[in-house]
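First comes the structure, then the notes that go with it.
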Amino acid sequence: MTLPAGKKPPWFRITLTPSESYKTIKDLVRAEGLHTVCQEARCPNLHECWGKHGTASFMILGDTCTRRCRFCAVATGLPGAVDMLEPMKIAATVLRMGVRHAHITMVNRDDLPDGGAGVMAATVRAIRARAPACTVEVLTSDFMGSREAIAAVAESAPEILSHNVETVRRLTPRVRSRSLYERSLAFLRMARELDPQAITKSSIMLGLGESRDEVVQTMDDLRSAGVSMINIGQYLQPTRNNIPVQRYWTPEEFASLRETALEKGFLHCEAGPLVRSSYHALEQFDGFRQHLAELRARMQDQAR
């Protein structure tokens, strides 16, 4: 569906209902001097996640990114010094919030020797120490393909290790900054090589000019890299300075893509206009864990 600039289809109408949970999370984040991708990237689901689900996607290593991807609203520039206490602050906030599934993402830090992998790994370990019942999902940069950096995060053993391809192969040079489609696939493949039991996940935005065939090919590429979870959502232009939307995919088209993803062997697929990388992350993980348990039970029955 193509609409005039600034106009969105009716299925994007959401009800904003600030709640006590929303206020509590906002106050906690502000008090600790933390950042969330919910705020920095202007996520349309902020009120639902903070208000209804009591969850937030924490963004570590500052609020300034060293890359300038054309789809992203996060500030670009020279980042400040790394806060080495940030992992402990995140863990303390997760504990106070009573979070069951923590989602941690990061800005690109190409200015650091390890790309910020050490701080990401330290954050996972800090959450394990302070809130051992809490599961952890991380969404990282590509670390410029550094095996050492990827290994550092993998060894911290998050329940889900995510890295986004963001878009189809053809559009990557136009949409992403200092990023390579093949490098993203190599990251995901390497994560599974380092830990064959790792649950890996990736996300893709639609509406940038891709075709359905290209989306399906991206699914095949991700499955070949060992990815078992995929999120597919609609790109929304966050500011006038970002790349414009080319097309709005309908809810029916997203539902069709979800069916295709499951047919191709993804164990979980979240697909819809408002889906983002961390959308319903807890529900996704719970559903995935149940599906995995059922799958392993069937395999054990067949082996008898």
>> Among Leu171, Thr250, Leu267, which residue has its Cα furthest toward the positive end of the charge dipole of region 150-274, with +1 on Lys/Arg Cβ and -1 on Asp/Glu Cβ?
In response: Leu171
> Say each of Arg147 and Asp63 gets a label point 7 Å from the Cα, pointing the same way as Cα to Cβ; how far apart are those two points in nm?
Replying inline: 3.9
> Under a plain spin-label model, where a point goes 7 Å from the Cα along Cα-to-Cβ, how far apart in nm are Arg247 and Leu267?
Replying inline: 3.3
> For labels at Ala129 and Thr239 in the simple 7 Å Cα→Cβ model, what's the distance in nm?
Replying inline: 3.7
> Once phi is turned into ³J(HN,Hα) by the Karplus curve 6.51 cos²θ - 1.76 cosθ + 1.60 with θ = phi - 60°, what whole-Hz value does each residue of region 152-165 show in order, with x for glycine and proline?
Replying inline: 4, 6, 4, 5, 6, 6, x, 4, 10, 10, 10, 8, 8, 7
> Which order do peptides 244-253, 96-105 fall in by mean Cβ count within 10 Å, highest first?
Replying inline: 96-105, 244-253
>> Suppose R0 equals 35 Å. What FRET efficiency, 1/(1 + (r/R0)^6) with r the Cβ-Cβ distance, do Ser211 and Ala157 give to the nearest 0.05?
In response: 0.40
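From largest accessible area down, sort Leu171, Leu95, Leu274; use a 1.4 Å probe on the protein chains. Walk me through the numbers before you get to the answer.
Working: Leu171 10, Leu95 80, Leu274 30 Å².
If we order Leu171, Leu95, Leu274 from most to least accessible, we get Leu95, Leu274, Leu171.
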> Using the alpha carbon gyration tensor of region 128-215, what are the three equivalent-ellipsoid semi-axes (square root of 5 times each eigenvalue), largest first, in whole Å?
Replying inline: 27, 14, 11
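The values are calculated or read from the model by the stated rules, or taken from the named source; none is laboratory data. Please read these numbers as outputs of a predicted model, since none were measured by experiment. Note that each Cβ is placed from the backbone with ideal geometry, even for glycine, and that neighbours are counted across all protein chains shown. All accessible areas refer to the heavy atoms of the entire protein, side chains included, with ligands and DNA or RNA removed. Shrake-Rupley method; radii C 1.70, N 1.55, O 1.52, S 1.80 Å.
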